[in-house]
Amino acid sequence: MIRLSQISKSFGEVQVLKGIDLTVKTGEVVAILGPSGSGKTTLLRCVNYLERPDDGVITIGDFSVRCREVGKRDIHQLRQKSAMVFQHYNLFKHKTALENVMEGLVVVRKTPVDDAKKRSIEFLKKVGLGDKLDSYPSQLSGGQQQRVGIARALALNPEIILFDEPTSALDPELVGEVLEVIREIAKEGITMLIVTHEMGFAKEIANHVLFMDGGNVVEEGSPDDIFNNPKEERTRQFLQRLSREVSTHSSINLVATGDENHG
Ligand SMILES: Nc1ncnc2c1ncn2[C@@H]1O[C@H](COP(=O)(O)OP(=O)(O)OP(=O)(O)O)[C@@H](O)[C@H]1O
Ligand SMILES: [Mg+2]
């Protein structure tokens, strides 16, 4: 279980998170939608303490930190409980796929090298990259790089995986393979928080959907509530805009999302 309570964050004078509350039960998938600049990435980064919240309480499992009075040790402990999958993969360019996955295990988790290697190979195989262990990011497609990013997160055995628009940097024809991997992980009951604009995908895998705007949660509910019966005008407008964008995109994109989401 993860619970965020009144998380707030400002950059200088600008408050980008205005007291966010959110509970994600174990095994649940929560999708976050919202316009650019609404604070989605900042929220995920706060959960992982890549960004330091100004106020609020973060609870993951049986561990809680009060952001106002947090110490270095707490941060270290909290970070072990989540793993992030980034929009732009964030792989080390001079390391192979295998080395990228091993890095966090060896350096942060202090896992012995042999165990880390075994575990990393296992997860790279799981995301379909058993034959790319020794490839460098420049030798991999975007979809393959993102799957390395997912293997890296899984290998850490976190209580929750945080996905920040995992497919938005990909060419349309590569979106499907990454969504497929995420779909498989969701089936295994791994708790996840996923920022995505893939509406069909969110409908399919999310238990709960959150719509953010201007640093607030404007509306939340089941996928059916949010996608089929949004109550707030801002949610309606956003969804309309999103579906217009999807329908004016290339036909490849439509095929990729359509097939993947309803097949
Ligand atoms: N390190 C930073 N320093 C200053 N301002 C920042 C920083 N990071 C984010 N911001 C600002 O905070 C606001 C929220 O940004 P954030 O990246 O969380 O939005 P987002 O919802 O993820 O948007 P997008 O959909 O474009 O990814 C924006 O106005 C952004 O400019
Ligand atoms: Mg973002």
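Every residue, every condition in (1) closer than 30 Å to Leu4 by Cα; (2) within 16 Å of ligand 1 (Cβ to nearest atom); (3) crowded, with 21+ Cβ neighbours inside 10 Å, yes or no:
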site	(1), (2), (3)
Leu129	no, no, yes
Leu140	no, no, no
Arg147	yes, no, yes
Glu159	yes, no, no
Ser168	yes, yes, no
Pro172	no, no, no
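Within segment 67-117, the set of residues being in contact with a Leu (Cβ under 7 Å, 6 or more places away or on another chain), within 16 Å of ligand 2 (Cβ to nearest atom) and more than 18 Å from Cys46 (Cβ to Cβ) is empty.
Determine whether segment 25-43 contains at least one residue that is among the basic types (Lys, Arg) and closer than 28 Å to Gly189 by Cα. Within segment 25-43 (the criterion being among the basic types (Lys, Arg) and closer than 28 Å to Gly189 by Cα), the answer is yes, since at least one residue qualifies.
Scanning segment 221-241 for residues that are crowded, with 19+ Cβ neighbours inside 10 Å and within 17 Å of Val30 (Cα to Cα) yields a total of 4.
All of (1) in contact with a helix residue (DSSP H, G or I) (Cβ under 8 Å, 6 or more places away or on another chain); (2) within 15 Å of ligand 2 (Cβ to nearest atom); (3) small (Gly, Ala, Ser) hold for Ser168 with one exception: (1).
Look at (1) surrounded by fewer than 16 Cβ atoms within 10 Å (Cβ to Cβ); (2) modelled with pLDDT under 95 and you find that Asp55 fails only one, number (2). When each of Leu154, Leu162 is tested for being under 20 Å from Val30 (Cα atoms), of a type in the set (A, V, I, L, M), touching a residue at least 24 places away in the same chain (Cβ under 8 Å) and not in a helix (DSSP H, G or I), the lone residue that passes is Leu162.
The one condition from (1) within 16 Å of the chain's Cα centre (by Cα); (2) loosely packed, with under 15 Cβ neighbours inside 10 Å that Val107 does not meet is (1).
Residue check: is Lys81 of a type in the set (D, E, K, R), touching a residue at least 12 places away in the same chain (Cβ under 8 Å) and closer than 14 Å to Gln145 by Cβ?
Values: of a type in the set (D, E, K, R): yes; touching a residue at least 12 places away in the same chain (Cβ under 8 Å): yes; closer than 14 Å to Gln145 by Cβ: no.
Judged against the criteria, Lys81 is not a match.
Looking only at segment 14-54, residues that are away from ligand 1 (no atom under 16 Å from the Cβ) and of a type outside the set (A, V, I, L, M, F, W, C) come to 6 in all.
The values are calculated or read from the model by the stated rules, or taken from the named source; none is laboratory data. Keep in mind it's a predicted model, so treat the numbers as computed, not measured. Glycine gets a Cβ as well: all are built from the backbone with ideal geometry, and neighbour counts include every protein chain shown.
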